[in-house]
Amino acid sequence: MLLALQAALSKRVGRNAHIHSFMCESSSMTTANFHFDTLAVHAGREDLTALGLHALPIDLSTTNPLPDIERGGDSYEALAGGGTLPQDGSAVYSRLWNPTVARFESALAQLEHAETSVAFSSGMAALTAALLAFAPPSGKKHVVAVRPLYGGTDHILATGMLGTEVTFCAPDEVAGSLRDDTGLVIMETSANPTLELVSIRAVVDQAGEVPVLVDNTFATPVLQNPLDHGAAMAMHSATKYLGGHGDVLGGVIACAEPHAERLRAIRVITGAILHPLAAYLLHRGLTTLPLRVRAQQENARRVAEWLHSHPAVTEVFYPGMNADPAGVIGTQMSGTGAMVSIRLAGGYEAAKQLTSSVQVFTHAVSLGGVDSLIESPAALTHRPVEGDAKPGVDIVRMSIGLEHPDDLIADLTRGLGPR
Ligand SMILES: *Cc1c(COP(=O)(O)O)cnc(C)c1O
């Protein structure tokens, strides 16, 4: 057994060893039975010790030497078709394949209980690839989209700019919204910005054969694994919690290999692959993901409770404080997350006052980082959303970070007045 492993490893040392080895089953560490926190630290690094490395290697090559014309051509063919790197082949060109990106993909797949994952230059690039792969203008171009959704997702579907046709609906209207040419169902939970909880299983059951994509950006794999509940794909804006430090843009979709092939083929054509430096930062970000999410969630709970009885606040949107008719918390989602939204009694003027008076919070879009952010969804993240689906101007959304909760509460007191 040990000899076989050594032989397998020594065969791989040499050209492209760093590209190939971590994907092989005989890597030096088996992570299969690890707890989530251990996986977050070690997944995608199984072969590093055998390679004599401790930190993640970064491969910035845009092009790669070809062994010979035939094997070069075969590699190109395999990768352009959405396949993975052939054992004795070449990565050819980094729009087709990059080993640093593949390491991050391997790690994220393990955290999402998925066979594999495909990483993109942003969350919207990931969503675009999913739409082109599963709802192509030349095929089943109809998409059923459960509202509320992230503003950018809503916008790309509402405009139909990729040739899709959309039916927006409530979670219990999915079955009735399906057509013969429905190629994809899209949903988000907890949803942006009002933190609605949607039962993934209930949507999957209605969707039947149609693949369901769940935007898991808010919950993160720490709190929720959509594939465990029947979803075909779990998507992330990796820009948010996965990166966690507000310094890297990325997107990723965790899924089974046949779905991944279709996504990679689109990624090759559209040039939407994640940059290797971004992959490095995202992979490093995973190591502290469980710690960050749990600590931010605890802070969010404290802030949400304080806001709950504040006279300037008419409604607090926070999972666990609101109705959960589908019984999502404790079954589908193991926590309540670190996003909090509020409705202000003073409406738009109060939102303006609050967002411009904070000092610890930054008035900015985005979320999921170690520092707290505050923004108006109607004015910014959900600006392109049409009609009734647009959140009210009296709603303010907060991403709670790792600051001491008393300082966050003192900061909110500046804008809202004392409780
Ligand atoms: C930010 C975000 C996106 C888009 O991701 P980008 O990385 O900004 O392209 C999609 N879904 C949700 C829930 C988001 O918060």
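Each reported figure results from applying straightforward, stated rules to the coordinates on display, with no laboratory input. Here the structure is a predicted model, which means the values were calculated and not measured. Because the Cβ atoms are built from the backbone with ideal geometry, glycine has one as well, and the counts that use them run over all protein chains shown.
Per residue, the convex hull around the alpha carbon atoms of the stretch 36-130 comes to 123 Å³. Among 49-60, 100-111, the peptide with the highest mean count of other Cβ atoms within 10 Å heads the list, and the full ranking is 100-111, 49-60. With both partners inside the chain, how many of the DSSP beta bridges are antiparallel, as a percent to the nearest 5? Bridges in the chain that DSSP calls antiparallel: roughly 55 percent. Computed from backbone phi with θ = phi - 60° and the Karplus coefficients 6.51, -1.76 and 1.60, the 3J(HN,Hα) list for the stretch 109-114 is 4, 5, 5, 9, 6, 10 Hz; x is used for glycine and proline.
With N counted as the residues of the stretch 290-416, its alpha-carbon radius of gyration over 2.2 N^0.38 Å works out to 1.02. Evaluated over the chain, the count of Lys pairs having alpha-carbon atoms less than 25 Å apart is 4 (only pairs 8 or more residues apart or interchain).
Across the alpha-carbon set of the chain, the Rg to Rh ratio works out to 1.00, Rh being the Kirkwood radius. Put a plus charge on the Cβ of each Lys and Arg, a minus charge on the Cβ of each Asp and Glu, and nothing anywhere else: the dipole of the stretch 290-416 about its Cα centre is then about 140 debye.
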